[in-house]
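Asker: Attaching a single structure in structure tokens format; questions to follow.
Derivation of every value follows stated rules applied to the coordinates shown; laboratory data play no part. In this text, all values refer to a predicted model and were calculated from it rather than measured experimentally. Here Cβ is always computed from backbone atoms with ideal geometry, including for glycine, and neighbour counts include all displayed protein chains.
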């Protein structure tokens, strides 16, 4: 890459020059990949004004970049986003975050603020900091399944029992509110589509039912976990009720059985490598631990942030359990590449991971009216959303608290990661924190509203 000098605007917090495209916190970042490491698109950070000449010099191997105004967005409004996010960091309400926005396939904003770990000198948040994305794993696992569906190796209406025979023996609570109630046989077998849609009657890995029966342990293999799932009665008849669940993890085992590969190996070969998602995996290896964002509990009152203890098998260890529902780590740049492939109808930088028809299936609502509205709890229905294959999908924009469009798709994670893609505006946004509870301060909602306000045409 030839030497180019980029200058921060005079009103930014830090006005410095960086020669040769070198990266620094809140300055020019690089996005994309080469054999040597990170290479590619220069990203607008907060008040950075990127010249058209500099943008033209960006190697084609990375996501292209643009000034916001070049894609119908406002630099001034992105500066306001940065100022707003920075306030939560400066006041000690969160440790740090990374946020990214693109439009029409061009990155216009990538901001890293705060710290990966508050008690470690030099552990500032980076644009490529690594986060536990929890339920944002589900679209990745679902893509793996849909690849095998397109190849004719899995059928959406196939009974799960065709691949995991013990699923033929599942039972159903006669009263799902009473875990000691009698059981009976369900009216039909669970299908692959039931699992993709969370309509199979399975429970959530952290729900009271599975916790009480010790279903989930990171020390178990996928095969062992699936057999524990089978031993617990269903919460509803298959295909009748949307219950947020462990289904995507079960589907990971189906992928293993059909492909003959371990789930992590399959994802690496068929999704991560083609899309150049170089930091996405089921754990953070030793050479990348210095980029791991730690999890913090939101303080009460004036109390400081407290770091949440590690899981039984730390996220820095290669776990036996490869959880497609909640076990993946990733970065904002990686996940933006993932979503861009969907806005591109299944292709990115010449690599196709799914057909346009497959993308359309994954990103449209499949939940029948009888099962709407969906929601993580009856007290909090998502009146504007349905569910596709791994994604939530906006189906009634007038019922949303935000200025969204029908057809927007995405999903979030329980440790403060949020993402969406809007085909109508061509916009992608990803926000990653590591905070408990994930909805603290409604920061994701504030970010979402402000991102939509950056769109000027």
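Asker: Taking the Cα atoms only, what angle lies between the long axis of helix 75-90 and the longest principal axis of the chain, rounded to 10 degrees?
Answerer: 70 degrees
Asker: Specify the inter-centroid distance of the stretch 143-173 and the stretch 188-227, based on alpha-carbon positions, in whole Å.
Answerer: 14 Å
Asker: Sticking with the crude label model, points 7 Å out along Cα→Cβ, report the distance from residue 261 to residue 424 in nm, one decimal please.
Answerer: 3.7 nm
Asker: Compute the distance from the alpha-carbon center of the stretch 238-300 to that of the stretch 402-457, in whole Å.
Answerer: 21 Å
Asker: If I stretch the segment between residue 355 and residue 369 completely, what's the gain in nm (0.36 nm per residue apart, minus their alpha carbon distance), one decimal? Could the numbers behind the result be given before it?
Answerer: Working: separation 14, 0.36 × 14 = 5.04 nm, distance 2.74 nm.
Additional length available on full extension: 2.3 nm.
Asker: Follow-up. With the cut-off at 1.5 for a/c, could you classify the stretch 295-403 from its C-alpha gyration tensor as rounded, prolate or oblate?
Answerer: Oblate, because a/c is 1.5 or more while a/b does not exceed b/c.
Asker: Among 137, 438, 355, which comes first, then next, by fewest other beta-carbon atoms within 10 Å? Provide the component values of the computation, followed by the final result.
Answerer: Values: 137 29, 438 19, 355 15.
Arranged by neighbour count, lowest to highest, 137, 438, 355 become 355, 438, 137.
Asker: Considering only DSSP beta bridges where both residues belong to the chain, give the percentage that are antiparallel (nearest 5).
Answerer: Values: 52 of 57 bridges.
Percentage antiparallel, nearest 5: 90.
Asker: A further question on this structure: Hey, what does the equivalent ellipsoid look like for the stretch 402-457, semi-axes from the Cα gyration tensor as sqrt of 5 times each eigenvalue, largest first, whole Å?
Answerer: With the √(5λ) rule applied to the stretch 402-457, the semi-axes are 21, 12, 8 Å.
Asker: Roughly what would the spin-label model give for residue 188 and residue 317, points 7 Å off Cα along C-beta, in nm?
Answerer: Using points 7 Å along Cα→Cβ, the separation is 4.3 nm.
Asker: While we're here: Given the Cα-Cα distance of residue 406 and residue 181 and 0.36 nm per residue of separation, how much length would full extension add, in nm?
Answerer: Working: separation 225, 0.36 × 225 = 81.00 nm, distance 4.09 nm.
Answer, rounded to one decimal: 76.9 nm.
Asker: In addition: For a test of the definition: using alpha carbon positions, the gyration tensor, and the 1.5 limit on a/c, classify the stretch 87-211 as rounded, prolate or oblate. Show your work: numbers first, answer last.
Answerer: Working: a/c = 3.60, a/b = 1.81, b/c = 1.99.
Because a/c hits 1.5 or more and a/b fails to exceed b/c, the stretch 87-211 counts as oblate.
Asker: Note down the nm distance, to one decimal, between modelled labels 7 Å out along Cα→Cβ at residue 221 and at residue 446.
Answerer: My value for the distance between the label points is 4.7 nm.
Asker: Here is a further query. Could you give the angle, 0 to 90 degrees to the nearest 10, between helix 247-259's Cα long axis and the longest principal axis of the Cα atoms of the chain?
Answerer: With both axes taken from Cα atoms, the answer is about 90 degrees.
Asker: Quick one: work out the % antiparallel among DSSP beta bridges in the stretch 372-450, nearest 5.
Answerer: Antiparallel bridges: around 100 percent, rounded to the nearest 5.
Asker: In whole Å and largest first, what semi-axes does the C-alpha gyration tensor of the stretch 210-280 yield when each eigenvalue is scaled by 5 and square-rooted?
Answerer: Numbers: eigenvalues 141, 44, 28 Å².
Value: 27, 15, 12 Å, ordered largest first.
Asker: How much length, in nm to one decimal, is gained on full extension between residue 377 and residue 397, taken as 0.36 nm per residue of separation minus their Cα-Cα distance? Working shown, then result.
Answerer: Numbers: separation 20, 0.36 × 20 = 7.20 nm, distance 2.05 nm.
Stretched out fully, the residue 377 to residue 397 stretch lengthens by 5.2 nm.
Asker: Sticking with this structure for a sec: Over the chain, what relative contact order in percent results from Cα pairs under 8 Å that are six or more residues apart? Please report the intermediate quantities before stating the final value.
Answerer: On the way: 991 pairs, mean separation 79.7, N = 457.
Result for the chain is 17 percent.
Asker: Could you tell me the calculated FRET efficiency between residue 303 and residue 153, based on Cβ-Cβ distance and R0 = 56 angstrom, to the nearest 0.05? Don't skip to the answer; put the middle values down first.
Answerer: Numbers: r = 53 Å, r/R0 = 0.94.
Once the sixth-power term is evaluated, E becomes 0.60.
Asker: Also, I was wondering about something else. Using just the helices of the chain, give the 222 nm mean residue ellipticity in deg cm²/dmol: DSSP H runs with n ≥ 4 each add -39,500 (n - 2.57), and the total is spread over all residues, rounded to 500. Working shown, then result.
Answerer: Values: 11 runs with 101 residues, N = 457.
Here the helix-only value at 222 nm equals -6500 deg cm²/dmol.
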